[in-house]
1. Quick one: with all protein chains in place, what share of the accessible area of the chain is carbon or sulfur, to the nearest percent (1.4 Å probe)?
2. Contact order normalised by length for region 63-136, with contacts defined as Cα pairs under 8 Å and 6 or more residues apart; what percent is it?
3. I need the calculated FRET efficiency for the pair residue 8 and residue 64, taking r as the beta carbon distance and R₀ as 22 Å, to the nearest 0.05.
4. Provide the solvent-accessible area of residue 62, counting protein heavy atoms only and rolling a 1.4 Å probe, rounded to the nearest 10 Å².
5. Principal axis lengths of the chain from Cα atoms, whole Å, largest first?
6. Using a cut-off of 22 Å between alpha-carbon atoms, which lysines can reach residue 61, once sequence neighbours fewer than 8 places away in the same chain are excluded?
7. At 1.4 Å probe radius, can you tell me the per residue accessible area of the chain in Å²?
8. What is the set of long-range amide H partners of residue 70 at a cut-off below 5 Å, with H atoms built 1.01 Å from backbone N?
Amino acid sequence: MARIEIVQGDITKQQVDAIANAANTTLLGGGGVDGAIHRAAGPELLAECRTLHGCPTGEAKITKGYRLPAKYVLHTPGPVWHGGQNDEEELLASCYLSCLCLASEYGCRTVAFPSISTGVYHFPLEKATRIAIGTIAVYLREHPEIELVRMVCFDARTKEYYDAALRALEEGA
Ligand code: ADP
């Protein structure tokens, strides 16, 4: 899938139309990638997020990117992993899908994602990569308006798992 790219890096530095934020349901900022995005975007981002009154897990809300190179931020609260019996897999797929739908709606052609839920929310990494890559690939097949989706992995281990999931998809596994 030529329109999916996997890189190791910092999502706040990505020159794309929209970046996704692995937020929490308050949308009022947190640690991890959420904290990094708020720090890089500046206080105007939190001010806009306050007007959104939170977001349910698996859904997404859009804001401007302010001081980020990206024009928009797609805020999506990922599921906390509780063992897999609480719709965690469906909710994670729904995060990616909700962000991509919003990106299309707002005319974005390039979108970058962090590895949603695999940090402090403890979603098993291998399972998360299959869900992320599978959901993105299905969406891209039906939506030519999105030219590129970049998975931005913060560490080498995460990138290895996303690379493997993309290889498996390309090999039809
Ligand atoms: P969650 O609560 O959804 O698990 P986290 O922020 O704890 O979210 O972690 C999600 C992933 O984002 C982890 O792989 C973490 O290493 C990564 N991450 C943290 N900071 C950044 C960043 N600046 N750019 C990209 N990924 C990041």
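1. It is 51 percent, rounded to a whole number.
2. Over region 63-136, the number comes to 33 percent.
3. With a Förster radius of 22 Å, E is 0.25.
4. 20 Å²
5. Principal-axis extents of the chain (Cα, largest first): 45, 35, 28 Å.
6. 13, 71
7. 47 Å²
8. 16
The values are calculated or read from the model by the stated rules, or taken from the named source; none is laboratory data. Keep in mind the model is a prediction, meaning the values are calculated, not measured. Note that we place each Cβ from the backbone using ideal geometry, even for glycine, and neighbour counts take in every protein chain shown. Side chains are part of the model used for accessible areas, which takes the heavy atoms of the whole protein and leaves out ligands, DNA and RNA. Shrake-Rupley method; radii C 1.70, N 1.55, O 1.52, S 1.80 Å.
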